[in-house]
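First the structure, in the form of structure tokens, and then the observations on it.
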Amino acid sequence: MVLVVYHLVIFWGSVAILTTSLLSFNMISGATWEVTGSDLLLGLGLAILYVEILRSTWTGVTSVINHTLSTLLFVCFAIEFVTVSIAANSTFFLLGLMSLIDAIAGFTITIVASRKDISL
């Protein structure tokens, strides 16, 4: 989902939206915290990563499909990162890293959960 949102923002919008301040908050310390488009995309990516890790605890046929799709999504991130110039930035890299963590965590959690099911 984050990959789709990234493409909508970049290809229909502009790369500048990643660095443009979209929100600003005055902190108690007197500093101003400015939230950019990149920050929002990374926050959305972390929220989706949390949901995906929770979903990886489920066992069954759907979990195998979910892990396969997670791996394919990471492959798409990796290919796009090295072949598309607009995707060669830190935001896209970190979103791709979240995709890798999702794939690895999904397989790991499923293996551990299935071992516990077998030992019972």
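Rule-based calculations on the coordinates, nothing more; no lab input. Small disclaimer: the values here were computed from a predicted structure and weren't measured. Here the Cβ is made from the backbone with ideal geometry for all residues, glycine too, and neighbour counts use every protein chain on show.
Counting only alpha carbon atoms, the long axis of helix 2-12 and the longest principal axis of the chain meet at about 30°. Across the chain, the mean sequence separation of Cα contacts (distance under 8 Å, 6 or more residues apart), normalised by length, yields a relative contact order of 25 percent. Between Thr36 and Leu22, the built amide H atoms are under 5 Å apart, and every one of these is 5 or more places off in sequence or on another chain.
Taking other Cβ atoms within 10 Å as a rough exposure proxy, Ser56, Ser29 sort from fewest to most as Ser29, Ser56. For the chain, the longest principal axis of the alpha carbon atoms and the long axis of helix 61-83 meet at an angle near 40°. The computed percent of Cα pairs over 23 Å apart for the structure shown corresponds, within (1) 60; (2) 21; (3) 42, to (3).
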